[in-house]
Amino acid sequence: MTGYIIRRVLLLGLTLLVTSALVFALTQIVPGDVARLILGRDASPEQIATFKAQFGLDVSPPQQYVNWLGRFIVGDWGRSFTGGNLPVRPLVLERLGNSMRLALMTLLLSVPLAVFLGMIAALRENTWIDGLVSIGSLAVVGLPEFVTALVLINGLALGVRELGLPSTSMVPNNTLEDWVRQLILPALTATFVLLGYIARLTRAGVLEELKKPYVRMATLKGLPRRVVIVKHVLRNALLPTITVIAISFGWLIGGLVVIETVFNYPGLGSLLVEAVKQKNLFLMQAIVMLVVTIYALANLAADLLYGVLNPRIRLG
Amino acid sequence: MTKQPILEAEHLCIDYRLGNQWVNAIRDVSLTIGAGEIHGLVGESGSGKSTLALALMRYLAPNARVSQGDIRLDGVSLLSKSRPEMERIWGRDLCLVPQDPLAALNPAYTVGEQIAEVTRQHQGLSKSEAWSGAVAMLEKVRISDAKAVAQKYPHQLSGGMQQRVVIAMALNTRPRLLILDEPTTALDVTTQAVILDLFRELLHEHQAAALYVSHDLGVIREMCQRMTVLYCGEVMASAPVAGVYQRPIHPYTIGLLASIPRVEIGASNTRLPTIPGTAPSLAQRGQGCVFAPRCPVALDRCYTEKPELETIIHERMVKCHRWGEIDARTLPVDYKDFLAESKEPFFNAKRQSGTEAKQDVPEETPEYVLKAQRVSKTFGGRSLLKRLLMQPDSRVQAVKDVSVNVRRYSTLGLVGESGSGKTTLARCIVGLETADEGRMTLLDAALPPALTDRPAALKREIQMVFQNPSDTLNPYQTIGQMLRRTLERLGAASSPGNVEKRIAELLAAVRLSDDYVNRFPNELSGGEKQRVALARAFAASPALVVADEPTSALDVSVQAVILNLLKDLRAREGASYLFISHDLRAVSYLADWLIVMYQGQIMEEGTTEHVYSIPSHPYTEALISAIPSTDPLEQNKHIRLIAEPNQSTERSGCPFAGRCPRQIGRICEDEAPPWREAGDDHRIRCHIPLDELKKLQSNGTPVQAALDKVVPA
Amino acid sequence: MTPTTPPIAEYHSRPLRSGIVGVVRRLASRPLALIGSLLVLMFLMLAISGPMIAPYSFNEINREALRQPPGPGFPFGTDSLGRDVFSRVLWGAREIIVVPGVATAVAVVLGTLLGLLLGYVGGWLDDLVSRLLDTLLSIPAMLLALVMLGAIGPSSIGIILVVALLYIPIVARVVRSATLGLRTAGFIEAAKLRGESTWYILLREILPSVLPALTVEAALRFSYAIFLTASLGFLGLGVQPPSPDWGRMVNEARDSYVRAPWALWYPAGAIALLVISVNLMAEGLRIALRREGQQ
């Protein structure tokens, strides 16, 4: 098991290295000169040279990459090109905290509901409940978030207004009430995207397990159906769901760009949109690296949990 | 019988819902199983035997129903019971021993827990009582380190151990009746023999009755007192086992028994009798006898009037209009090889079509088609990436320093259990795996180990028949397309007209009619697919055909057809075979020369005759003795390999040491055994001198197993 | 997110020749799948003929008719600049179908080739490239799309490139796993033994068996590509003005929502309907292509 963890951490390092190189390479194809883009057309050659020197852009791209990587590893994530040239790290970490809050809220809303619906649909296969869940998740899965968000904000306008829910979400303070007030609408929007996805996978997982011979064996051992389902089927069927939740977590941290934009929520995603629009190189790098790290860590945690719960992996 | 039977089924009918209608699957089956009786239920695939077995437990698929009849356990009808009532019976009075134990055990729980939960449920035992009961049961099924095994998860145990766990689970509650559903099908023959002994002893010990479901007539004969033969969901015959094997009466039973190849010496000129046609689907069954279309003695009446299941003498029942004549021996039921009698033009001597004629070489040229010397193959090398990620080394040496020669126009049989390396060796020869070491020549030309290095002319000379009929043909190509492509690629025909001619010839050679050219594989049965695969392998008249377990996925009656065809094609096309099988009966039917492999090494080689007679290697001896025989005259030696195979890779001694019942001491573990020559190129690799081996083996006394209990590897 | 596709074994092995008719028939026998497919067909037709049937040009400004509610003359009303929403939706249909469609096609073709190669050849190439693809997949799609679009600049071609690049690894992974299962099939090995080239084996022997799974995957990818394209448009990174983009139309309409809600709901509804139709069709395809007897 220890060897496994070491291998996974090594792999994570490798992944991050490849990702950083990839992102860096992408930023190099920016048409035109970054310095000119930021300083404007009228910037003098001296200004541009100063800018380049200030941000270390005056060396060759590979050298830039190596310099950046060295500093990044020791915690110096560079400074923003714009907005008073603030250091990137505190900015990004603050946004990460905000994104985490929203992700947590969403997971709390969506996972129990989705797993429950998927389970019920599988256990009542081909009944109206199953049909409803299937059609419901089909209709919702892949619906762009801004459509759902706008329906929630405007379509339910009356109800939402009555409840006093803001259509612009702020970072909640530490009361439960404020969490619900500020985050319920964006979290619900994200839930709509996740719900269908997780429910469908759970349903498929349970159905697949139900077909396996050990379920028949458990039944023919005279175990009551409740025991067969809860102890034998769900124990195995819900294992893959762990991985799905981990993948969802990565998406919730870095993928809620649209939702954060609609609700004006200061998360990582909306920061990235700004960074991209401003060609804010170090900011982009930091955000992508952070999201990938978190996504990979969530995956690692899921794999470890999966391994602990699955004797086949734990004991080889 | 005066005693109350344990289980009775009376005129049982089971239907399946297909679309909007009910289709009758099991038709009017009656069956009784008395106390302490092991009742065999035998049938080929599609006969409905598993459906019936589970239905007898009143376990039906959601789309199935019992439309008629009754099932009684100890005189009480099961059909009137509610689901909770059945739950009290399942696992307590009625237990299942399933086909594939690994699939039937929950991967997430220890085997101890899975045994213990039965008694917790049914006898209300506490957790610790149930656990110690489970350990005691594991001891009962002769597992030596039961405490440790109880803590293990299913995937950590070998197939034989898993089967022991499942039987322990079933016997835990002292049930009235066990349903054993093909419980040894997935096991190697030596392991099967041990498990069968165990079943017999335990069932006797627990005074439990059992229904033993199997397709293997040998296993049924060894295990059961009475048996029922099922065909197309109907009972054909039901009788005490001894009588059936001595003198079968129902034509179907006669045909089934006849189509099993026997371990016979010098049988290479005989042909296996086969049952013509294929079993009809449920919807195709006519109103008469279901077997009539395939029966060699069917009358007009048999097609129109359904026979009754009649009792002919005490306990012996047969469903046949003509049983009287058969029983009185006035009507012989002879199955010939029905394909050989077909009217299709076939044995028109040598090939005359457009194929480039090979030189006619006189029979028995002392020339070798293939020579493979000192071939080795190791799997699981570590790539750079794997090493970077510090993944553990998982090398397995599948073939160790093996030399094989195939004589022209002959068949070399390669025998061994799973893990013996026989398939790997064959794949190295055809080039699907690249041998690490060794020199091969084909028709005296050097044969490079990698397929891509082999010139087209050599590729053409080696073809292969694969094991699994379901993936041997591309589902998206017609039979004609694939044969045409093969002929064109291998350059076996000079003109398009010749291609078509050759296709027709090939189809005729495997006894398929011309219209198969336009069929897709999903319209073919398993046996037919394998016949097309034969045609494809022979398309370019190769010098060597490698057949890797070509019949192991087929029913016995279909197997007989394939074996006969293989024999015909060899003679007709002038090919040699490398025939790989775990089934010694099938091998002995075809092979002139045998090689017995164990864990990647050759243990014995010689003519089929020599290998089957003494002296032979102790492993060969054990293999032969483990085959459940259908021949009532055959005296079975009783050699059982109790220990589990030792899989450790680095061993200097004999690979069979530790399991060998004739082991003579440390020398077997420590030193590689020498080759001993028994004359006529018959060679045995063993530390025991041949004279002594011969003496030991002619003794006839059963060999006491070296170990009483299984020690997990 | 990377939705998984069922393994190859779930799909039936009926030959396509007699199968296409059967698949269509089975697709049509399920009401939801039929509705979905018909709607997709309708959207396709709109994409072709939209500009021809639109009463106005997408950019035609009617100063005397600002924020008109839906009614005669303006079936979907007008926006705050007085542009006919109906016409703009019609004009925009082409973009929202062609861009994801082309992107999906590129991703499916390249992903299939890559997946076939990786699954069949295996070895270190597979080890290396599969890891690389996994890395690419470990970045949320939206994130990667933003960074890439930032690099190459927003345009139709840009979006096509980005979406295709995002989906190549996903398609490749699906095809690779399907191919892995076939690598040791008898008919593949028989083809090797008769000396077929790798390309022949990939395209003629393996591809047909992978095709059902691929069809479903392509339909799913198409739906996600629409999702992504619309979202990028909404963020202002899609097709640049003045050409109409449904996503951007929704975003622009948010400001004047209180006075002209229809300018928001019609394009938003069109996106929703399109995505749901494609999903229904994909699900229908999945069931229609499923191996028989698996019911």
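Bear in mind these aren't lab numbers, they're just calculated from the coordinates by the rules spelled out. Quick caveat, the model's predicted, so the values are computed rather than measured. Neighbour counts run over all protein chains shown; Cβ positions are idealised from the backbone, glycine included.
Once backbone amide H atoms are built at 1.01 Å from N, residue B:7 has B:33, B:74 as its partners under 5 Å, excluding neighbours fewer than 5 places away on the same chain.
Over all Cα atoms in the stretch B:23-67, the spread is summed up by Rg and Dmax: 11.5, 35 Å. In this structure the amide hydrogen of residue B:235, modeled in the peptide plane, comes within under 5 Å of no amide hydrogen from residues 5 or more places off or on another chain. Only helical runs count toward this figure. For chain C, summing -39,500 (n - 2.57) over DSSP H runs of n ≥ 4 and dividing by all residues gives -23500 deg cm²/dmol at 222 nm. Once both labels are positioned 7 Å from their Cα atoms along Cα-to-Cβ, the gap between residue A:42 and residue B:671 label points is 10.0 nm. Radius of gyration (Cα atoms) of the stretch B:153-294, expressed as a multiple of 2.2 N^0.38 Å: 1.24.
Over chain B, Cα pairs under 8 Å with separation of 6+ residues give a relative contact order of 13 percent.
By the Kirkwood approach, averaging reciprocal distances over each pair of separate Cα atoms, the stretch A:2-74 gets a hydrodynamic radius of 14.4 Å.
Remark: the stretch B:64-74, residue by residue, has Karplus-estimated 3J(HN,Hα) of 10, 8, 8, 9, 7, x, 8, 10, 10, 10, 6 Hz, where x stands for each Gly or Pro and the curve is 6.51 cos²θ - 1.76 cosθ + 1.60 at θ = phi - 60°. The phi-based Karplus calculation (6.51 cos²θ - 1.76 cosθ + 1.60; θ = phi - 60°) puts the 3J(HN,Hα) values of the stretch B:408-414 at 5, 6, 10, 10, 9, x, 10 Hz, whole numbers, x for Gly and Pro. Cα gyration tensor of the stretch B:360-593, axes a ≥ b ≥ c as square roots of the eigenvalues: rounded (a/c below 1.5), prolate (a/b > b/c) or oblate? Verdict is prolate for the stretch B:360-593. Against the empirical curve 2.2 N^0.38 Å, the C-alpha radius of gyration of the stretch A:166-299 lands at a ratio of 1.44. Measuring between alpha carbons in the structure, the pairs from B:422/B:459; A:211/B:81; B:127/B:152 lying more than 19 angstrom apart are B:422/B:459; A:211/B:81. Averaged over the residues of C:265-276, the number of partner chain Cβ atoms lying within 10 Å of the residue Cβ comes to 4. Look at where the Cα atoms of the stretch B:37-112 and of the stretch B:184-230 average out, and the two centres are 17 Å apart. Among B:320, B:13, the ranking by other beta carbons within 10 Å of each residue's beta carbon, starting with the fewest, stands as B:13, B:320. Taking all C-alpha pairs of the stretch C:181-295, those more than 18 Å from each other amount to 66 percent.
For chain B, the 222 nm mean residue ellipticity estimated from helices alone, with every DSSP H stretch of n ≥ 4 adding -39500 (n - 2.57) and the total spread over all residues, rounds to -9000 deg cm²/dmol. Cα convex hull, the stretch B:613-698: 114 Å³ per residue, rounded to a whole number. Taking a ≥ b ≥ c as the square roots of the eigenvalues of the alpha-carbon gyration tensor, chain B is classed oblate because a/c is 1.5 or more while a/b is no larger than b/c. For the protein assembly as shown, the equivalent ellipsoid derived from the alpha-carbon gyration tensor has semi-axes of 63, 37, 33 Å in decreasing order. Distant-in-sequence amide contacts of residue B:25, defined by a placed amide H-H separation under 5 Å and a gap of 5 or more residues or a different chain, comprise B:14, B:15, B:16. Using bins of 10 Å that start at zero, the share of Cα-Cα pairs per bin across the stretch A:88-314 amounts to 8, 27, 31, 21, 10, 3, 0, in whole %. Volume per residue of the convex hull around the Cα atoms, evaluated for chain C, comes out as 145 Å³. Look at B:436, B:74 and count the other Cβ atoms within 10 Å of each Cβ; fewest to most, that gives B:74, B:436. Please state the shape class of the stretch B:188-227: rounded when a/c is under 1.5, otherwise prolate if a/b exceeds b/c and oblate if not, all from the C-alpha gyration tensor. Oblate is the answer for the stretch B:188-227, as a/c is 1.5 or above yet b/c matches or exceeds a/b. Only aspartates and glutamates eight or more places from residue B:694 in sequence, or on another chain, were considered; those with a Cα closer than 14 Å are B:621, B:677.
Projecting label points 7 angstrom from Cα along Cα→Cβ for residue C:132 and residue B:515 puts them 5.3 nm apart.
For a straight C-alpha distance cut-off of 15 angstrom, the aspartates and glutamates reachable from residue C:192 (same-chain residues fewer than eight places away being disregarded) are B:433, B:453, B:461, B:471, B:488, C:205.
Taking other C-beta atoms within 10 angstrom as a stand-in for reagent exposure, A:128, B:22 fall in the order A:128, B:22, fewest first.
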